[in-house]
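The values are calculated or read from the model by the stated rules, or taken from the named source; none is laboratory data. Quick caveat: nothing in here was measured; it's all calculated off a predicted structure. For neighbour counting, all protein chains shown are included, and Cβ atoms are generated from backbone atoms with ideal geometry for every residue, glycine included.
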Amino acid sequence: MSRDLCGRVSRDTRDAARRLLAIARPEPGSAFVLGLSTSELVGENIGSSWDTGLAAAVIDPLRGILADAGVHLAVQCCEHLNRCLVVDEDCFRSLGLREVSVIPRPGAGGAGAAYAFDSTRSPRVVEEIEGHLGMDIGDTFIGMHLRPVVVPVRLDVREVGAARLTVARTRPPLVGGERAEYPPDPAKECPGSSRSC
């Protein structure tokens, strides 16, 4: 792994996360789901090339940005651990999550989840979460951990390293039909843009 790649990955992650937070405007205590393939970051097939150094280049800056916003980070494991998530003790307790017993490793959980587990003071692995927003680096499919209704957000940052980047926010379901009245969606208009997100 080159220092240039790590620097670019960290920069793109920070840019994308800041833009998503500006658009989604999550409340403190919200959950942010991260799906990450370090294999895809270097242009390899998902699950073929694990790199905890690259995972750190994504997770470390993301932790700082989310902590400043009061938002919890949940790092999704790979399919070999049924896409469980690594969270910290505060997230686990405040969201009332249910723990499972496993320790993620690069070959079973993925480099991102392994790094998140090893670098968190009191890590917990949970089976599910209802995230409020999220970032998927490398098509790891985080949708199963986002609450309804998922709304894709289009950013000008479309890749991190060689991996495709997809980001999303959520909103409450609209119920009641055509006669109902709905509160305004604070994330409906993109900051600095005339188009909807």
For segment 143-172, pairs from a residue that is over 19 Å from Leu95 (Cβ atoms) to a residue that is of a type in the set (S, T, N, Q) and buried (at least 16 other Cβ atoms within 10 Å of the Cβ), with Cβ under 6 Å and 6 or more apart or across chains, are Val160/Thr13
Of those in segment 1-18 that are under 13 Å from the mean Cα position of the chain (by Cα) and not aliphatic (A, V, I, L, M), the residue surrounded by the most Cβ atoms within 10 Å (Cβ to Cβ) is Thr13
If we ask which residues in segment 51-77 are at pLDDT 95 or above, crowded, with 20+ Cβ neighbours inside 10 Å and outside any helix (DSSP H, G or I), their number turns out to be 7
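Okay, residues lined up against (1) basic (Lys, Arg); (2) modelled with pLDDT of 95 or more; (3) closer than 18 Å to Leu146 by Cβ:
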| residue | (1), (2), (3) |
| --- | --- |
| Ser10 | no, yes, no |
| Thr13 | no, yes, no |
| Ile23 | no, yes, yes |
| Glu27 | no, yes, yes |
| Ala31 | no, yes, yes |
| Leu36 | no, yes, yes |
| Leu41 | no, no, no |
| Glu44 | no, no, no |
| Ser49 | no, no, no |
When His80 is run through (1) in a helix (DSSP H, G or I); (2) within 24 Å of Cys6 (Cβ to Cβ); (3) at pLDDT below 95; (4) not polar (S, T, N, Q), the failure sits at (2)
Filter segment 169-186 for residues that are hydrophobic (A, V, I, L, M, F, W, C) and surrounded by fewer than 10 Cβ atoms within 10 Å (Cβ to Cβ); the one that is farthest from Ile23 (Cα to Cα) is Ala180
(1) in contact with a strand residue (DSSP E or B) (Cβ under 7 Å, 6 or more places away or on another chain); (2) closer than 21 Å to Leu20 by Cβ all hold for Ala67 apart from (1)
Test Asp88 against the criterion of being within 28 Å of Ala22 (Cβ to Cβ) and surrounded by 15 or more Cβ atoms within 10 Å (Cβ to Cβ), and give yes or no. yes
Filter segment 98-112 for residues that are without any contact (Cβ under 8 Å) to a residue 60 or more places away in the chain and buried (at least 21 other Cβ atoms within 10 Å of the Cβ); the one that is farthest from Ile142 (Cα to Cα) is Pro104
Those residues of segment 155-177 which are of a type in the set (D, E, K, R) and more than 15 Å from the chain's Cα centre (by Cα) amount to Asp156, Arg171
